[in-house]
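Let me begin by presenting the structure, written as structure tokens, before commenting on it.
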There are 2 protein chains.
Amino acid sequence: MSKAKLLVVEDDPNLGDILKEYLEMKGYEPTLCRDGEEGWNKFKKDKFDLCLLDIMMPKKDGFTLAKEIKKVQEDLPILFLTAKNQKDDIIEGLKIGADDYLTKPFSMEELLLRVNAILRRTQKSGEISPLKVYTFGDFILHYDEQILEGPQGKNKLTSKENELIRLLASEMNKLVNRSHALKQIWGDDSYFNARSMDVYLSKIRKLLRDDPKVQIITVHGEGFKMIVGEA
Amino acid sequence: MSKAKLLVVEDDPNLGDILKEYLEMKGYEPTLCRDGEEGWNKFKKDKFDLCLLDIMMPKKDGFTLAKEIKKVQEDLPILFLTAKNQKDDIIEGLKIGADDYLTKPFSMEELLLRVNAILRRTQKSGEISPLKVYTFGDFILHYDEQILEGPQGKNKLTSKENELIRLLASEMNKLVNRSHALKQIWGDDSYFNARSMDVYLSKIRKLLRDDPKVQIITVHGEGFKMIVGEA
DNA sequence: TTTGCCCGTTAAATATTGTTAAGCAAAAAT
DNA sequence: ATTTTTGCTTAACAATATTTAACGGGCAAA
């Protein structure tokens, strides 16, 4: 597994293609299905991190599919795509155990926010997640490719930069203890390693400069925190 | 422990129903009202753990309702639901004493996070609330970002300033015991830490100078109190 | 009122962090 | 085999944050 895998089931071919392309562009690995039955087959064959399900679909509707999926893998997050003002659909979806919903038409930006929020939550705090793509502000960290994608394009990272950004991003808006970071990335907390980390922080702050929403603040004597402000 | 009771006041029938369903599904006991007046009546009849109030509503808006509620039960936490970019609404809400806010459209994810955070801290008394934003007089403390927003604009704070202002603001108009503050922020109550705190108090008083309504008064031998006068 | 302690303020000293650049060794390229 | 490049560390210095010192005023108990 290289990127977060998304099962996208959407019968409208236009929207489906757009979703697929957008999500790919943003560093996910979407699998597009045209109806519920196809979705079910793909689900059985592969392992996904999140499902995006349209509700009204031929052959097998989103509800039915969601119920079947939940029966097999209860913890797999589901995000429904519903027509506007179909509140009954939304409620039904939530009852089945959907994590969230989006009413059509939605912007790609909204979609991304929701997807990120869900994927972020499903990873346990304190641990580094198995997720390979991290988004924060206008940036996307492709962890296993060691690439930071930002407003200015893609940027190759060194492994230390990569590790440190991942640590900060995985604990977004939370404090990352200095000593913990050092042990995690450098192996132990010593004076020179600490100075080395400071050098990397400086480099990373420079990389993150072109989105003012993203900042790394220091908590004196404690550690660091990546904060992401309002859109 | 029994379910937490939530007073949900939202005039959009779709959103209202969705909120109710979702919160029920997540183990809460929501009571849905369609306008501020109905909300007020329910509030008088029952006992709640948290209020979720829309701001723009017919008959009685969220602000008015919140003020009335706070007059009767000051410690009841309030979470406002506001339209996006209504920064003035947000500030007004925080001044009334809201605990947090959500800008529409919000994800169910976010909602749940906020609700949980508020309920979690109200159950543990004596602890400092993990609130993000504190208001007092013309100031807004963005705790997570270590920024104090005042009449003169935004001001970056050091960690110690940040902690101390938060402590004072969270106990607004109440006495903060010296020794308690020291243990809370410096770890222990020793002579030098006490002197250090005095230095910070001095710095903070300087920062708060541009609003005469806000003052930190000393209770000799006891501690400090941030008092906020009327406009 | 006098004495001693507590507190306010400013300044100096120390500790921690930010930044830039030099050094160095391993990997990659030639 | 040698240069060149790359990633990381160490060093050096600048900027901040925090603590300690110094001095003076105010308050409360005797």
Next item on the list: For A:Leu53, work out the one condition from (1) touching a Phe, Trp or Tyr at 6+ places or on another chain (Cβ under 7 Å); (2) surrounded by fewer than 16 Cβ atoms within 10 Å (Cβ to Cβ); (3) at pLDDT 95 or above it doesn't fulfil.
Entry: (2)
Next item on the list: Could you please find all residues in region A:1-51 being in a strand (DSSP E or B), under 21 Å from A:Pro105 (Cβ atoms) and among the aliphatic types (A, V, I, L, M)?
Entry: A:Leu6, A:Val8, A:Val9, A:Leu32, A:Leu50
Next item on the list: Give me a count of the residues in region B:52-64 that are in a helix (DSSP H, G or I) and more than 16 Å from the chain's Cα centre (by Cα).
Entry: 1
Checklist line | Matching option when the condition is buried (at least 21 other Cβ atoms within 10 Å of the Cβ), assigned to a helix (DSSP H, G or I) and within 14 Å of chain B (Cβ to nearest Cβ), among A:Ile69, A:Ile90 | finding: A:Ile90
Next item on the list: Pick out, from region A:157-212, the helices (runs of 4 or more DSSP H) lying fully within it that include 1 or more residues that are more than 22 Å from the chain's Cα centre (by Cα), among the hydroxyl-bearing types (Ser, Thr, Tyr) and under 21 Å from A:His142 (Cα atoms).
Entry: A:191-207
Notebook entry, point to check: Does A:Gly221 satisfy being within 15 Å of DNA strand C (Cβ to nearest atom), farther than 27 Å from B:Leu113 by Cβ and part of a loop (DSSP other than H, G, I, E, B)?
Noted result: yes
Check: Of all residues in region A:1-29, which are under 24 Å from A:Asp89 (Cα atoms) and either in contact with a helix residue (DSSP H, G or I) (Cβ under 9 Å, 6 or more places away or on another chain) or among the small types (Gly, Ala, Ser) (or both)?
Finding: A:Leu6, A:Leu7, A:Val8, A:Val9, A:Glu10, A:Asp11, A:Gly16, A:Ile18, A:Leu19
Next item on the list: Would you mention how many residues in region B:206-219 are surrounded by 13 or more Cβ atoms within 10 Å (Cβ to Cβ) and either within 14 Å of chain A (Cβ to nearest Cβ) or within 15 Å of DNA strand D (Cβ to nearest atom) (or both)?
Entry: 3
Note to self: Going by what's in this entry, would B:Leu148 be described as within 13 Å of DNA strand C (Cβ to nearest atom) and either within 24 Å of A:Leu175 (Cα to Cα) or buried (at least 17 other Cβ atoms within 10 Å of the Cβ) (or both)?
What the structure shows: no
Checklist line | Residue count, region B:174-187 (criterion: touching a helix residue (DSSP H, G or I) at 6+ places or on another chain (Cβ under 7 Å) and away from DNA strand C (no atom under 12 Å from the Cβ)) | finding: 3
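The values are calculated or read from the model by the stated rules, or taken from the named source; none is laboratory data. The structure presented is a predicted model; accordingly, all values stated were derived computationally and were not measured. When we count neighbours, we look across all protein chains shown, and the Cβ atoms used for this are built from the backbone with ideal geometry, even at glycine.
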